[in-house]
Amino acid sequence: MKSEKKIVEVKNLKKQYGDNVILKNINLHIDRGEVVSLIGPSGSGKSTILRCIADLESITSGEILIEGNNLTDKNVDKKIKKEMLLKTGMVFQTFNLFPHMSVRNNIVRTLKLVKNMNTEKAESIVKEMLSLVGLSDKINNYPNELSGGQKQRVAIAGIMAMKPKCIVLDEPTAMLDPNGRKEVIKTVLELNKKENITVILITHYMEEVIEADRVIVMDEGKIVMDGTPKEVFSHVEELKKLRLDVPSTTELAFELKQSGLDLPDGILTLDELVDSLLPILK
């Protein structure tokens with residue numbers, strides 16, 4: 001029986017190159033409408049999981065299910081597999097926009113190629129998606145006329161035009177300045193709320209993880225933590241042993257607690273820190 005709740009399920013996933021085992025029997029599921037962040041040191045296997053889910057990497061063993069359909073079944077019908085893959089859209093660090101095409105034509109071209117859509121319908125969808133990401137006024141601009149954050153939002157609009165149920169983002173803000181990073185994460189979270197789009201996000205910026213529903217921590221090809229941001233960031237010392245940062249406010253709260261102040265674990269925001277400090281200071 002297919003689960004109505006799980007959109008992505010990974011069972012006993014193993015990936016290796018020769019003797020090098022990248023993923024070690026990974027088991028996880030992502031529920032419909034969740035925002036899930038994957039964090040971990042470089043080489044921990046985060047990107048490999050996402051590439052396996054998007055069928056950009058073959059797997060050594062195990063199963064990947066999209067809405068209960070086994071993506072890794074060698075006997076699956078090609079048409080069904082294509083439909084499953086279109087339910088997940090992947091956004092990378094680089095923007096993958098054609099520099100010689102306007103924003104409109106970048107997305108229209110993809111819709112024609114992938115969905116065999118006519119120009120009129122494609123242009124209607126482009127306008128709708130650019131409105132969703134707040135870039136309606138940039139429809140006739142070229143990539144070199146956009147900021148980094150705007151380019152990435154166009155890339156997200158292009159993925160959303162495919163009508164996926166889940167977007168997978170592999171460090172989408174790595175090449176951006178702080179303002180660009182805020183733009184992109186705000187856009188992704190708004191899409192999650194407005195469209196109930198499931199989000200799987202890899203990032204090295206811990207401030208981007210705070211608003212996730214779940215945080216999955218990886219190390220050496222294994223899942224070592226899985227919980228809410230508050231639960232995960234309550235383990236500052238363990239995360240530091242994994243060579244990971246924590247949100248700056250969490251770091252400050254941890255240091256204050258180490259100095260003797262009676263503060264709770266897992267403080268994520270400045271407001272939480274102030275609320276916890278006020279009774280002590282009085």
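Residue pairs whose Cβ atoms lie under 6 Å apart, sitting 6 or more positions apart in sequence or on different chains, and linking a residue in segment 150-176 that is among the hydroxyl-bearing types (Ser, Thr, Tyr) to a partner that is modelled with pLDDT of 85 or more, are THR173/ARG181; THR173/VAL184.
I'd like the full set of residues that are in contact with a Pro (Cβ under 7 Å, 6 or more places away or on another chain) and either over 18 Å from VAL236 (Cβ atoms) or part of a loop (DSSP other than H, G, I, E, B) (or both), limited to segment 206-222. First the steps, then the outcome.
Let us first name the residues in segment 206-222 that are in contact with a Pro (Cβ under 7 Å, 6 or more places away or on another chain), namely 206-207, 209-210, 212, 215, 219.
Result: VAL209, ILE210, ALA212.
When segment 35-63 is filtered for residues that are open to solvent by 30 Å² or more (accessible area, probe 1.4 Å) and closer than 23 Å to ALA212 by Cα, the ones remaining, listed by number, are SER42, GLY43, SER47, ARG51. Going through segment 123-156 one residue at a time, which ones are buried (at least 17 other Cβ atoms within 10 Å of the Cβ) and under 20 Å from THR203 (Cβ atoms)? Listed by number, the residues that qualify are VAL133, GLY148, GLY149, GLN150, LYS151, GLN152, ARG153, VAL154, ALA155, ILE156.
Inside segment 252-263, can you point out the residues that are part of a loop (DSSP other than H, G, I, E, B) and open to solvent by 70 Å² or more (accessible area, probe 1.4 Å)?
As a first pass, look at segment 252-263 and keep what is part of a loop (DSSP other than H, G, I, E, B): 259-263.
Matches in segment 252-263: SER259, ASP262.
Comparison of LYS11, LYS79, LYS87 shows that the only residue that is modelled with pLDDT under 85 and either open to solvent by 70 Å² or more (accessible area, probe 1.4 Å) or touching a Phe, Trp or Tyr at 6+ places or on another chain (Cβ under 9 Å) (or both) is LYS79.
Any residue at all in segment 234-251 that's open to solvent by 60 Å² or more (accessible area, probe 1.4 Å), touching a residue at least 60 places away in the same chain (Cβ under 8 Å), under 22 Å from ILE22 (Cα atoms) and under 18 Å from the mean Cα position of the chain (by Cα)? Scanning segment 234-251 turns up no residue that is open to solvent by 60 Å² or more (accessible area, probe 1.4 Å), touching a residue at least 60 places away in the same chain (Cβ under 8 Å), under 22 Å from ILE22 (Cα atoms) and under 18 Å from the mean Cα position of the chain (by Cα).
Scanning segment 161-180 for residues that are in contact with a strand residue (DSSP E or B) (Cβ under 7 Å, 6 or more places away or on another chain) and either open to solvent by less than 40 Å² (accessible area, probe 1.4 Å) or of a type in the set (A, V, I, L, M, F, W, C) (or both) returns MET162, PRO164, CYS166, ILE167, VAL168, LEU169, ASP170, GLU171, PRO172.
The values are calculated or read from the model by the stated rules, or taken from the named source; none is laboratory data. Being a predicted model, the structure only gives us computed values, none of them experimental. Methodologically, a virtual Cβ is constructed for each residue, glycine included, from the backbone with ideal geometry; neighbour enumeration extends over all protein chains shown. Surface areas here come from the heavy atoms of the whole protein model, side chains and all, with no ligands, DNA or RNA. Shrake-Rupley method; radii C 1.70, N 1.55, O 1.52, S 1.80 Å.
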